[in-house]
Amino acid sequence: MTPAPRSMRPLRALWPVLVGVVVVVVLAILPLLNLSIPGVLPGPTYTPGTLALLSLCMVYAALALSYNMLLGTSGLLSFGHALYFGVGAYGLGLALEYAQVPLWPGILIAVLGGLVIAVVTGAISLRVTGIPFAMVTLAFAQAVSLLVRRNAQITGGEEGLNLPTAHVPDSLVGVVHTRNLYWVVLGMVVIVYLIALWIDRSRLGHLAEATRENELRVRVLGLSPYLAKLIVFAAAAVGASLAGVAYMLLQTGTQPQAVSADLTITILVMVVLGGVGFRWGAVVGGVVYTLLDQRLTVLARSEAIGSLPDVPAGAAVRAAVPAGRTVHHRGHVPARRDRRHPRRHGAPSCPPSGRGRHARRGAGAVPR
């Protein structure tokens, strides 16, 4: 294969950047267009319902992208990544409620809170690897989830925490301003993507990837894999906190499920769905999973599904049972007959005594 000319190499290097810029520009002008995708979007792209759904897709895309930094770049399987998503959501609400600060300082406080908690919990969790690491991160997430549920006076408990809209600009409050929220969420997704891109392209990311492949060899070379993994862990937590902030603004509230292990498993499924180790794969996995989660319920209640003919119970049973098998009472299937002694019509159930095994002992043999 003939190598590419040197003049073409800069263009190939800029090709991913150009594609990314085009995608961001298209997403930015999407609220200004009248596009409809029946069965996928609830309406045209300029309607508040569609913009809210697309914003939620981008929130989970950013969350999956942050988790991909752990699993794809560093090879760290964490069961507590939702903790930092919850810290971003609850941190923003608590900062606006109790610190009485405007929105943008509140976002900064929430993200810094997620960073500090990530450094502390990561410094402890990264002392072990593999399944023990996953269990330690799960323990931290469960502890914070318990604190959120038990302190109802501060966090709202099981009812969740509402966003104090008095400290939020009017341009970001209400259904009529969903378009502005969409653009804010898009900006946060771009920031998370740039963080992931910096991690993957930097020497730090290369060191983390080498540690994922062979940590012992990295130690032999005199490098510090612990510090590299801790920085990647903190960067992933910052991305998750930004996603939590965007979720809080979009939903005007949050619930204790935002810090649960179930959400972490959902994020893991998104990353695996798009492909572990691929930035765009994590984005696509988050978008596809969110669309399926939100739209399948609506599709199941649609007239198209309701108009389908009912399947008779007998037909369902016949389709489930293989041909040649008979279902008896309580679903028992008759056992296969012994091939050595097949029954025939009028034949005895046992072999004749003269041909049995006792006949070999002689005429005077007495069976036991």
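Read the figures in this text as sums done on the coordinates, not as results from a lab. As the structure is a prediction and not an experimental result, all values here were calculated from the model. Positions of Cβ are generated from backbone atoms using ideal geometry, with glycine treated the same way; all protein chains shown enter the neighbour counts.
Observations, loosely collected:
- Test: residue in segment 235-242 that is surrounded by fewer than 20 Cβ atoms within 10 Å (Cβ to Cβ) and closer than 26 Å to Leu138 by Cα: no
- Residue within segment 212-226 that is of a type in the set (A, V, I, L, M) and touching a residue at least 24 places away in the same chain (Cβ under 8 Å) present: no
- Candidates Gly156, Gly205, Gly174 - the one that is more than 29 Å from Val21 (Cα to Cα) and crowded, with 17+ Cβ neighbours inside 10 Å: Gly156
- On inspection, Leu197 fails the criterion of being surrounded by 19 or more Cβ atoms within 10 Å (Cβ to Cβ) and either among the small types (Gly, Ala, Ser) or in contact (Cβ under 8 Å) with a residue 60 or more places away in the chain (or both).
- In segment 123-153, the residues that are in contact with a Leu (Cβ under 9 Å, 6 or more places away or on another chain) and surrounded by fewer than 12 Cβ atoms within 10 Å (Cβ to Cβ): Gly130, Ile131
- So Val168, is it of a type in the set (Val, Ile, Thr) and farther than 23 Å from Met58 by Cα: no
- The set of residues in segment 229-265 being among the small types (Gly, Ala, Ser) and in a helix (DSSP H, G or I) consists of Ala234, Ala235, Ala236, Ala237, Gly239, Ala240, Ser241, Ala243, Gly244, Ala246, Ala258, Ala261.
- Among residues of segment 34-55 that are over 18 Å from Leu292 (Cα atoms), those with a beta-carbon under 9 Å from a residue that is basic (Lys, Arg) at least six positions away or on a different chain give the pairs Tyr46/Arg179; Pro48/Arg179.
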